[in-house]
Amino acid sequence: MRILASTAIFALVIMLFVGFAMAQEQEMTMEEYNAQLLEWQTREAEAKTAITAVEGEIAALKAEIAQVEQETANEWQEIYAALGTDEAGVAEFRSSLNNIGSELDALAALSPEELFKQRKELDALEAKLNELMQSPTGKLTELEDMAAMLQGKISQLRASMPKAIYDEYTVVKGDYLWKISGKSDVYADPYQWMRIYTYNKDQIKNPNLIYADQIFKIQREVGPNEYLVVKGDYLAKIAGNPEIFNDPTKWTKIFEANKEIVSDQNMIYPYQVLVIPE
């Protein structure tokens with residue numbers, strides 16, 4: 001409003017001078033001329049006074065703004081001090097969150113199958129985000145909101161990811177697990193018949209009895225709650241794996257979850273697919 005007032009005053013001054021010039025073109029007596037000149041001079045003086053007043057108000061407002069900005073800066077310094085950081089620290093924290101966001105966007109561009117193969121990278125990003133948010137700096141509302149958005153992206157990626165990657169094989173007459181496993185489009189290795197058996201234990205009660213038209217899942221990638229036994233493994237060793245429980249004494253959890261295929265806790269075989277309980 002003050003800016004509009006200033007503009008109106010300047011416009012009034014211009015109109016006065018324009019009116020004065022037009023009046024000179026008209027015939028008038030000296031007395032009329034002096035009277036009109038006095039009126040215009042008075043108006044000009046009033047306009048200048050009003051301009052001075054507005055300029056003073058503008059200067060006062062600028063001073064008030066500067067004071068508020070200084071008070072705001074002081075309050076932020078107190079907040080930063082309470083969090084054990086400073087403006088540069090907050091900027092660095094924000095940059096770290098933005099980097100995580102960029103990496104999540106790159107994962108989101110992958111197909112569900114490719115994303116499944118990169119699930120450890122997704123786990124690492126989530127762990128990094130959780131670690132960041134343990135810092136007092138992460139308590140700032142802006143940064144909390146950013147973290148919540150990133151966690152939402154992670155949840156969406158996990159929801160779009162398949163639980164496991166597998167092909168399907170339809171049993172034909174004359175098939176048996178050793179034969180199927182040895183086929184070039186399956187595992188090209190008959191010794192991996194145990195993998196087919198344990199991965200399809202819901203359909204195969206006896207590995208020596210399979211039937212035509214059964215459809216078996218041929219595992220291609222191990223799922224997040226699965227473990228493919230390799231030569232030399234035993235339950236305590238698997239439980240001690242840092243990516244499993246990191247505690248050999250928890251082998252009983254694996255044993256209890258796989259009693260259908262592990263009848264003896266001391267006997268497991270390569271290519272068995274074990275369920276890893278949460």
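Nothing in this text is a laboratory measurement; each read-out follows from the coordinates by a stated rule. Predicted model only: the values in this text are computed from it and were never measured. Positions of Cβ are generated from backbone atoms using ideal geometry, with glycine treated the same way; all protein chains shown enter the neighbour counts.
Using Cβ point charges alone (K and R +1, D and E -1), the dipole size of the stretch 87-160 about the Cα centre works out to roughly 200 debye.
Computed with the Debye formula from one identical point scatterer per Cα of the stretch 233-278, without solvent, the log10 of I(q)/I(0) at q = 0.16, 0.32 Å⁻¹ comes to -0.34, -1.38.
Name the shape class, rounded, prolate or oblate, that the alpha-carbon gyration tensor gives for the stretch 164-219, where a ≥ b ≥ c are the square roots of its eigenvalues, rounded holds for a/c under 1.5, and otherwise prolate holds if a/b is larger than b/c and oblate otherwise. Because its axes are fairly even, with a/c under 1.5, the stretch 164-219 counts as rounded.
Straight-distance candidates among the aspartates and glutamates for linking to residue 48, with alpha-carbon spacing under 20 Å and chain neighbours fewer than 8 residues away dropped: 39, 57.
Only alpha carbons enter this Debye calculation for the stretch 107-199, each as an equal point scatterer, and the log10 of I(q)/I(0) it gives at q = 0.11, 0.18, 0.21 Å⁻¹ is -0.54, -0.86, -0.99. Distance between the pseudo-spin-label points of residue 43 and residue 275 (7 Å out from Cα toward the beta carbon): 9.4 nm.
With the simple model of a label 7 Å out from the Cα in the direction of the Cβ, residue 120 to residue 225 spans 2.1 nm. Centre-to-centre separation between the Cα atoms of the stretch 182-254 and those of the stretch 101-172: 26 Å.
A dipole drawn for the stretch 163-239 from +1 and -1 charges on Cβ atoms has a positive end, and of 170, 222, 235 the residue lying farthest that way is 235. With respect to the cross-link table entries 163/253; 128/163; 201/237; 128/250; 205/259; 201/259, which display a Cα-Cα separation exceeding 18 Å? The pairs that break the limit, which is 18 Å between Cα atoms, are 163/253; 128/163; 201/237; 128/250. The GluC sites (Glu not before Pro) of the stretch 122-172 include none that meets both criteria, a DSSP state outside H, G, I, E and B (loop) and at most 12 other C-beta atoms within 10 angstrom of the site's C-beta.
For residue 166, nonlocal amide neighbours, meaning residues 5 or more places apart or on other chains whose placed amide H falls under 5 Å from its own, are 220. When the Cα gyration tensor is reduced to axis lengths a ≥ b ≥ c, the ratio a/c is 1.5 or higher for the stretch 140-278, and with a/b not above b/c it is classed as oblate. Dividing the summed -39500 (n - 2.57) terms of all DSSP H runs of n ≥ 4 by the residue count of the chain sets its mean residue ellipticity at 222 nm at -20000 deg cm²/dmol.
Here's the picture: charge each Lys and Arg Cβ at +1 and each Asp and Glu Cβ at -1 in the stretch 35-115, and of 70, 84, 40 the one pushed furthest to the positive end of that dipole is 40. Summing charges over neighbours of residue 122, with a neighbour being any other residue whose Cβ is under 12 Å away from its Cβ, gives +1 when K and R count +1 and D and E count -1.
Return the loop-located GluC sites (Glu not before Pro) in the stretch 195-263 (DSSP other than H, G, I, E, B) with at most 16 other Cβ atoms within 10 Å of their own Cβ; answer none if there are none. Provide the component values of the computation, followed by the final result.
Numbers: sites: 221, 226, 243, 256, 260; in loops: 243, 260.
Hits after loop and neighbour filter: 243, 260.
Here Cα extents along the principal axes in Å was computed from the coordinates, and among [x] 129, 47, 23; [y] 56, 41, 34; [z] 62, 38, 34 the match is [x]. For the chain, a crude dipole built from +1 on the beta carbon of Lys and Arg and -1 on the beta carbon of Asp and Glu, taken about the Cα centre, is about 2620 debye to the nearest 20.
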